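Here is the structure we will look at, set down as structure tokens.
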Amino acid sequence: MNEEDLISKKELLELTGISYGQLYRWKRKNLIPEAWFVRRSSFTGQETFFPKDKILQRIERIKNMKDGLSLDELADVFSPSSHVESLSTQTLIKRNIVTSFAIELFEEEFGRQETLSFNDILTVYLLQKLLQSGEITREEGKMLVTVMRENYGALAAKPCELVLIRKMGVPLLFLAESAEQIYFDKDVKWIFRLSLAASIEELKLKLNNTEA
Amino acid sequence: MVANGNLGGSRGNMKITGNGSSNGGAFQHIKIMGDAVINGDADCELFKCMGNAKVNGSLHAGSASCNGTMKVTDRMRGGSIKVQGEMKVGNELSAENVSITGELSVGGRMSAGKVKISGELHVNEDCQMEELHIKGMVEVNGMLNAEQVDIKLYGSSRLRELVGSHILVKKGIGLPFLGKFIQGTEGSLTAETIEGDTIVLENTKASVVRGRSVTIGSGCRIGLVEYQDEFKQDSEASVMQSAQINL
């Protein structure tokens with residue numbers, strides 16, 4: 001990680017207007033992951049730094065959402081695991097979380113499903129999101145569900161990215177646990193790279209909202 | 001006497017009077033009067049010990065109380081923990097309410113809701129809780145993060161980082177006259193960094209103190225104070241450098 005990507009604690013508080021008390025309260029509730037507290041030695045002893053973009057974005061989101069949700073509910077939104085174990089396909093469609101179209105495509109690959117686990121809900125959610133935005137085709141959608149089904153279990157609770165590239169019209173879809181920098185030759189076109197953590201947050205908000 | 005529980009089946013009670021051992025398991029109540037060793041993980045709703053208890057494994061108890069000494073070699077999880085005497089946890093400790101008269105030492109991390117201790121607290125790694133009230137000494141080889149910290153110092157306490165919202169460190173009541181001349185009778189706290197919203201300190205040695213409102217009382221030796229709203233310093237305190245910052 002480059003020096004420029006870090007922000008010191010003092011700068012962070014200055015920029016966001018939060019207090020030490022808030023920062024540490026959010027850390028206790030796991031709203032801010034332990035791994036983001038980067039300790040470096042400085043002239044006053046040790047200083048704490050944070051990955052700038054991630055922490056600023058996270059604090060903005062906490063500030064926006066904290067009025068509506070309790071800290072514990074927020075912690076659940078940001079955590080990679082979920083308390084929602086599984087939901088029936090009917091409920092998912094009825095609650096407008098995913099469309100029946102996305103579920104049908106999913107079922108074409110894996111057969112009829114009565115209930116979906118959280119990982120499968122996430123898969124269908126991603127599928128729908130990407131189909132709607134026109135970034136993937138139906139065929140690539142099928143690749144997506146296979147990739148997610150086969151590999152996401154092993155990656156569960158880890159930050160990872162979903163990446164689609166095409167070369168000469170041939171799609172290649174993969175899950176990357178850490179893809180800070182990847183370089184391809186010039187014929188390769190990046191279609192999208194999507195942080196799963198952000199999608200999980202969106203999905204959880206949807207699941208929680210409609211529950212309330 | 002040997003008592004074993006069966007995991008997954010109906011929960012019985014374990015009762016050991018005198019000397020005994022068990023291989024652990026799931027119970028409703030575990031009651032020990034005397035001396036007992038549990039070899040293996042144990043899970044129970046109520047754990048009660050008068051005397052000595054040792055769990056060679058982990059312990060999960062809805063509530064645990066002990067008069068005497070208690071040792072858990074692996075991690076311990078509990079709703080409420082009440083100890084008069086000594087308690088040692090080899091690995092992580094997590095609990096809702098903890099109340100200790102005597103000594104608590106934790107080999108790993110500690111996380112708790114409300115903690116009240118008269119005596120000593122030793123934590124080998126980071127420690128987080130909502131409320132901490134200590135009368136005595138505290139030693140944390142990591143960060144102590146709590147919404148509210150209230151320490152009354154007896155003996156010499158040591159922390160790496162002390163952070164939270166409200167931090168209050170007061171000296172214990174030493175010998176009325178002699179305390180002034182004999183060092184160490186009032187208790188002291190040494191920390192690298194102290195950060196919080198409201199900070200009130202006495203008898204504290206720290207390199208950096210940062211907060212919204214900072215009060216440095218008698219007996220303190222602080223390297224750098226950074227404050228936002230308010231800074232008060234006792235005449236018997238030494239502060240090398242202080243600066244107001246605009247957060």
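The values are calculated or read from the model by the stated rules, or taken from the named source; none is laboratory data. As the structure is a computational prediction, the values presented were derived from the model and not from experiment. Methodologically, a virtual Cβ is constructed for each residue, glycine included, from the backbone with ideal geometry; neighbour enumeration extends over all protein chains shown. What goes into the accessible areas is simple: the full protein's heavy atoms, side chains included, and nothing from ligands, DNA or RNA. Shrake-Rupley method; radii C 1.70, N 1.55, O 1.52, S 1.80 Å.
Please give the length that would be gained between A:GLU109 and A:GLN57 if that part of the chain were fully extended, namely 0.36 nm times their separation in residues minus their C-alpha to C-alpha distance (nm, one decimal).
Separation in residues times 0.36 nm, less the Cα-Cα distance, equals 15.1 nm.
Let me check against my output: what whole-number percent is the relative contact order of the range A:3-66, with C-alpha pairs under 8 Å and at least 6 apart?
Computed over the range A:3-66, the figure is 40 percent.
Which log10 I(q)/I(0) values does the range B:92-244 give at q = 0.20 Å⁻¹ under the Debye formula, counting every alpha carbon as one identical point scatterer?
-1.20
Along the positive direction of the dipole of the range B:92-244 (beta-carbon charges: Lys, Arg +1; Asp, Glu -1; about the Cα centre), which of B:ILE151, B:ALA112, B:GLY217 reaches farthest?
B:GLY217
With r as the distance between the Cβ atoms of B:GLU96 and A:PHE192 and R0 = 35 Å, compute the FRET efficiency 1/(1 + (r/R0)^6) and round to 0.05.
Given R0 = 35 Å and the Cβ-Cβ separation, E is 0.20.
Just tell me how shielded A:133-141 is by partners: mean number of partner chain Cβ atoms within 10 Å of each residue's Cβ, no decimals.
Across A:133-141, the average partner-chain Cβ count within 10 Å equals 0.
Contact order normalised by length for the range B:92-244, with contacts defined as Cα pairs under 8 Å and 6 or more residues apart; what percent is it?
12 percent
How high is the relative contact order of the range B:26-167, given as a whole-number percent (alpha carbon pairs under 8 Å, six or more residues apart)?
12 percent
B:LYS82: which aspartates and glutamates have alpha carbons under 12 Å from its alpha carbon, excluding same-chain residues fewer than 8 sequence positions away?
Here the aspartates and glutamates satisfying the reach criterion relative to B:LYS82 are B:GLU96, B:GLU103.
Rule-of-thumb check for the range A:3-66: C-alpha Rg over 2.2 N^0.38 Å?
1.07
Which of A:LEU207, A:ILE55, A:PHE184 sits farthest toward the positive end of the charge dipole of chain A, with +1 on the Cβ of Lys and Arg and -1 on the Cβ of Asp and Glu?
Ranked along the dipole, the leading option is A:ILE55.
Rounded to the nearest 5, what is the percent of antiparallel bridges among the DSSP beta bridges in the range B:50-175?
The antiparallel proportion sits near 0 percent.
Using a 1.4 Å probe on the heavy atoms of the protein chains only, list every residue of the range B:218-247 that has 30 Å² or more less accessible area in the complete assembly than in its chain alone.
The answer is B:LEU247.
Short version: what are the Cα gyration tensor semi-axes of the range A:98-212, square root of 5 times each eigenvalue, largest first, in whole Å?
24, 17, 13
Just the number, please: percent antiparallel of the DSSP beta bridges in the protein assembly as shown, rounded to the nearest 5.
15 percent
What is the sum of charges, Lys and Arg at +1 and Asp and Glu at -1, for the other residues whose Cβ falls under 13 Å from the Cβ of B:ASN141?
Surrounding charge for B:ASN141 is -2.
Just to be sure I understand: if you take the accessible area of chain A alone plus chain B alone and subtract the pair, with a 1.4 Å probe, what total do you get in Å², rounded to 100?
1900 Å²
From the Cα gyration tensor of chain A, with a ≥ b ≥ c the square roots of its eigenvalues, which class applies: rounded if a/c is under 1.5, or else prolate if a/b is larger than b/c, or else oblate?
Taking the square roots of the gyration eigenvalues as a ≥ b ≥ c, chain A is oblate.
Taking the Kirkwood radius as the inverse of the mean 1/r across Cα pairs, report the Rg/Rh of the protein assembly as shown.
Computed over Cα atoms, the ratio is 1.06.
Give the distance, in whole Å, between the Cα centre of the range B:229-243 and the Cα centre of the range B:68-103.
The range B:229-243 and the range B:68-103 have Cα centres separated by 38 Å.
In debye, nearest 20, what is the charge dipole magnitude of the protein assembly as shown about its Cα centre with +1 on Lys and Arg Cβ and -1 on Asp and Glu Cβ, if you could check?
The dipole of the protein assembly as shown has a size of about 900 debye.
Select from the range A:44-75 all residues whose loss of accessible area on going from the chain by itself to the full protein assembly reaches 50 Å² or more (probe 1.4 Å).
In the range A:44-75, residues shielded by partner chains: A:THR44.
Using a cut-off of 14 Å between beta-carbons, work out the net charge of the residues near B:SER213 (Lys and Arg +1, Asp and Glu -1, B:SER213 not included).
-2
Give the cross-link partners of A:LYS189 among the lysines, using a straight C-alpha distance below 24 Å as the criterion and excluding same-chain residues fewer than 8 apart.
Reachable lysines: A:LYS129, A:LYS142, A:LYS167.
Rounding to the nearest 10 and keeping the result within 0 to 90°, find how far the Cα-based axis of helix A:52-65 lies from the longest principal axis of chain A.
80 degrees
FRET efficiency for B:LEU46 and A:SER86, Cβ-Cβ distance as r, R0 = 45 Å, nearest 0.05?
0.85
About the Cα centre of chain B, how large is the charge dipole given +1 on each Lys and Arg Cβ and -1 on each Asp and Glu Cβ? Please answer in debye to the nearest 20.
About 720 debye.
Quick one: net charge of A:THR146's neighbours, Cβ under 14 Å, K/R +1, D/E -1?
Spelling it out: positives minus negatives among the neighbours equals -4.
Could you give the length gained on full extension between A:LEU205 and A:PHE37, defined as 0.36 nm per residue of separation minus the Cα-Cα distance, in nm?
Answer, rounded to one decimal: 57.9 nm.
Can you tell me how the range B:69-108 classifies by the Cα gyration tensor, rounded, prolate or oblate, using a/c under 1.5 as the rounded cut?
Judged from the Cα gyration tensor, the range B:69-108 comes out oblate (a/c at least 1.5, b/c at or above a/b).
Let me know the charge dipole size of the range A:86-209 about its Cα centre in debye, to the nearest 20, where only the beta-carbon of Lys, Arg (+1) and Asp, Glu (-1) is charged.
260 debye
Along the charge dipole of the range A:1-136, Cβ charges K/R +1 and D/E -1, which of A:TYR125, A:ILE93, A:ILE32 sits furthest on the positive end?
The one lying farthest along the dipole's positive direction is A:ILE32.
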